[in-house]
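The structure under discussion appears below in the form of structure tokens.
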Amino acid sequence: MIKSIFSLLLIILSIGSFAQTNYDVVVYGGTPGGVIAAVAAAREGANVLLIEQTKHVGGLNTSGIGTAESEHMIEETISSLPLEFYSRMSRFYGKSKTEFYFESHVAEKTFLDLLSEAKVKVVYEAFVTKVNKKGTAIQSIVLTNGQTVAGNVFLDTSYEGDLMARAGVSYTYGRESKEQYNESLAGIRFIDEPIEASPYDDSGKLLPGFTERSEFTEGQADKRVMNYNFRVMMSSNPDHVAFPKPDKYEPKRFVLLSRLLKNKPETKFRDIIDMYSWTYPKGKYETNNKQKSVISLGHFGGNVEYPDADYKKRQTIYDDHKNWTLGLLYFLANDPAVPKALHDEVNLYGLTADEFKDNGNFPYYLYVREARRMKGSLVQTQKDILEERTKPDAICLGSHWIDSHHVQRVAVSKTQFVNEGRIWEPISKPYEFSYRAITPKQEECSNLLVPVCLSVSHVAFCSARVECTWMQLGNSAGIAAAMASKQKIAVQNVKADLLQQKLAEKGVIFSITHQAWNGEKDIKK
């Protein structure tokens, strides 16, 4: 009898745990933009749920990117809640002035503090599987954990735009042609000098990750996106963790590296991997793909299917990138083909011991630089960054340079290849983001905001795609979502002047003529 009662109680508790729950605002994706959006909405009095797909909030800022990237933008455009985030971390480090460099574990603690103080509920390790709509409005979403979540307004702040796509909102990915939006920086771009390294194997077959030059024309459209890599945190301190052998180690993947080291035995570790010390503690380094290296952390060709892939395929791609990353580092530290000087240099380093402790000291997030992009009623493009910089319904500012990492590696001869797709275009003045850039077409969805996979061209995305800008967009989106929920109106019907009034009250800078720099301050060169 007691056993039967206990079983009944378990069933009741289970039903209660996964029953439909209603929120004013539901934020899907615990990226920096998502955390800020959730906190901003909660501070406006909304009952908010944040749904994160991993075990940790904070996206790339808690997975190895320890900068606001303010070195290529105007710091004064960072305002309101995002500025508070950086200021809190600066105080943690004992700094009286706000700085824009930090460690991943400090960023995570700061994000969690903000969420806790705002009483935002967080659900971890959950993905959207189904979107239930009535007319143009999302009624609820079903998650992989079995929970159904209902809300008045939803935000998709994931890097991939999965909620947006499942809600029936138009989107794209890849690169538009130069002609589509009359953008000089668009499409296929062959601007880099050829690299002296054969893209073919010993039998004359094209190596994995390479394409043929004959397939492409300058400026044409293309469905590929910027290459992905992990932002591994390294340490040269005595407590560093030796680079582990990956689950699937394939030395033959690194034939380009073997050839490089044979031809140039004087190669240094930093010739292969970019390492940044920023203001990290001594001996701690953030890493990145090295743009002009023969081989580096970027796994070219490995992400081609990622933007529109299902979750299973995405996990396979994630695992493949992880095996590539750890395999490269393990090869450099252990393979007999590595010259002794380089071998000894590499083994001075390892994974940093104080980050990602529950994940083998390896970052939680893959650096998905670009995936889907919404196609809203307004698509902001290159001209909106460089020429038509003001918007009547402006909600925040952008000022980062137009920055696209390479997209693919293209064989141009039997002995050379080029890295294709780079954009590195300085901009000297800030520009305004329109509220319409984060709102879907109303006939597609009337209660969804998309501040990360926003409605911009590839070229414009290359300026928007930094975490501090996504946080700015998320902050304004969270406030707009709370307004729409409270007024029980479609997000498209939020009045721009009232939204701007509220943003101004919260300290958001959304005008390029703001007195913070009198509209004349240039970006640091």
> How about the range 12-110: which trypsin sites (Lys or Arg not before Pro) there are in a DSSP loop, with at most 15 other Cβ atoms within 10 Å of their Cβ?
Replying inline: Lys55, Lys95, Lys97
> Which far-off residues, 5 or more places away or on another chain, put their amide H under 5 Å from the one on Val456, with H placed in the peptide plane?
Replying inline: Met374, Gln380
> Hey, what do the phi angles of the range 232-247 turn into as Karplus ³J(HN,Hα) couplings, whole Hz, using 6.51/-1.76/1.60 and θ = phi - 60°, x for Gly and Pro?
Replying inline: 5, 9, 10, 9, 10, 7, x, 8, 5, 9, 4, 4, x, 6, x, 4
> Taking a quarter of the surface of the convex hull around the Cα atoms of the range 359-474, what do you get in nm²?
Replying inline: 10.6 nm²
> Once the convex hull of the C-alpha atoms of the range 257-413 is built, how many Å³ does it hold per residue, rounded to a whole number?
Replying inline: 198 Å³
>> Give me the one-decimal Kirkwood hydrodynamic radius in Å for the chain, with the sum taken over alpha-carbon pairs.
In response: 24.0 Å
>> At a threshold of 8 angstrom on Cα-Cα distance, excluding pairs fewer than six apart, so keeping six or more, what relative contact order does the chain reach in percent?
In response: 23 percent
> Which residues' amide hydrogens lie under 5 Å from the amide hydrogen of Gln139, considering only partners 5 or more residues apart or on another chain, with H built in the peptide plane?
Replying inline: Asn132, Lys133, Lys134
>> I need the semi-axes of the equivalent ellipsoid of the range 217-313: take the C-alpha gyration tensor, multiply each eigenvalue by 5, square-root it, list largest first in whole angstrom.
In response: 27, 19, 16
> If you take the beta carbon distance between Ser258 and Gln501 as r and set R0 to 60 Å, what does 1/(1 + (r/R0)^6) give as a FRET efficiency, to the nearest 0.05?
Replying inline: 0.45
> Ordered by residue, what ³J(HN,Hα) values in Hz, to whole numbers, does the range 299-310 give under the Karplus form 6.51 cos²θ - 1.76 cosθ + 1.60, where θ = phi - 60° and Gly and Pro are x?
Replying inline: 9, 5, x, x, 10, 4, 8, 4, x, 10, 6, 7
> Taking the Cα atoms of the range 72-113, what is the range of coordinates along each of the three principal axes, in descending order and whole Å?
Replying inline: 26, 19, 18
> How large is the dipole of the range 346-497 about the Cα centre if only Lys and Arg carry +1 and Asp and Glu carry -1, each at its Cβ, rounded to the nearest 20 debye?
Replying inline: 320 debye
> Which of the aspartates and glutamates could a cross-linker span from Lys506 if the Cα-Cα distance has to be under 12 Å and same-chain partners fewer than 8 positions apart are dropped?
Replying inline: Glu44, Glu84
>> I'd like the orientation of helix 2-18 relative to the chain: the angle between its Cα long axis and the longest Cα principal axis, in ° from 0 to 90, rounded to 10.
In response: 80 degrees
> Label Lys282 and Phe210 with points 7 Å out from Cα along Cα→Cβ: what is the distance between them in nm?
Replying inline: 4.5 nm
> Dividing the convex hull volume of the Cα atoms of the range 329-400 by its residue count, what figure in Å³ per residue is obtained?
Replying inline: 224 Å³
> How long is the range 358-414 along each principal axis, judged by its Cα atoms, biggest number first, in Å?
Replying inline: 47, 45, 22
>> Run the simple label-point estimate for Glu425 and Ala150 please: 7 Å along Cα→C-beta, distance reported in nm.
In response: 4.7 nm
> What part of the accessible area of the chain, given as a whole %, is carbon or sulfur when the probe is 1.4 angstrom?
Replying inline: 51 percent
> Cross-link partners among lysines for Lys205, C-alpha distance below 22 Å, same-chain residues fewer than 8 apart left out?
Replying inline: Lys252, Lys262, Lys414
> Residue-wise, which Karplus ³J(HN,Hα) couplings in Hz belong to the range 444-459, taking 6.51 cos²θ - 1.76 cosθ + 1.60, θ = phi - 60°, and x for glycine or proline?
Replying inline: 9, 6, 9, 9, 10, 10, 10, x, 9, 8, 6, 7, 9, 6, 4, 4
> Going toward the positive end of the dipole of the chain, with +1 on Lys and Arg Cβ and -1 on Asp and Glu Cβ, which of Gly30, Tyr306, Asn237 do you reach last?
Replying inline: Gly30
> Which peptide among 471-478, 116-123, 328-335 comes first, and what is the full order, when sorted by highest mean count of other Cβ atoms within 10 Å?
Replying inline: 471-478, 328-335, 116-123
> At what distance in nm do the modelled label points of Glu305 and Leu112 sit from each other, each positioned 7 Å from its Cα along Cα→Cβ?
Replying inline: 3.6 nm
>> With +1 on the Cβ of every Lys and Arg and -1 on the Cβ of every Asp and Glu, and nothing else charged, how large is the dipole of the range 283-378 about its Cα centre, in debye rounded to the nearest 20?
In response: 420 debye
> Long-range amide H contacts for Leu449: which residues qualify at under 5 Å (H placed 1.01 Å from N, peptide plane, sequence gap of 5 or more or a different chain)?
Replying inline: Phe154, Leu155, Asp156
>> Once the cut-off is 14 Å, how many percent of the Cα-Cα pairs in the range 447-486 end up in the long-distance tail?
In response: 47 percent
> In bins 5 Å wide, starting from 0, what share of all Cα pairs of the range 292-337 does each bin hold, as a percent?
Replying inline: 5, 20, 24, 20, 15, 9, 5, 2
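The values are calculated or read from the model by the stated rules, or taken from the named source; none is laboratory data. These numbers come from a predicted model, not from an experiment. For neighbour counting, all protein chains shown are included, and Cβ atoms are generated from backbone atoms with ideal geometry for every residue, glycine included. For the accessible areas, the whole protein counts, side chains as well, though only heavy atoms, and no ligand, DNA or RNA atoms are used. Shrake-Rupley method; radii C 1.70, N 1.55, O 1.52, S 1.80 Å.
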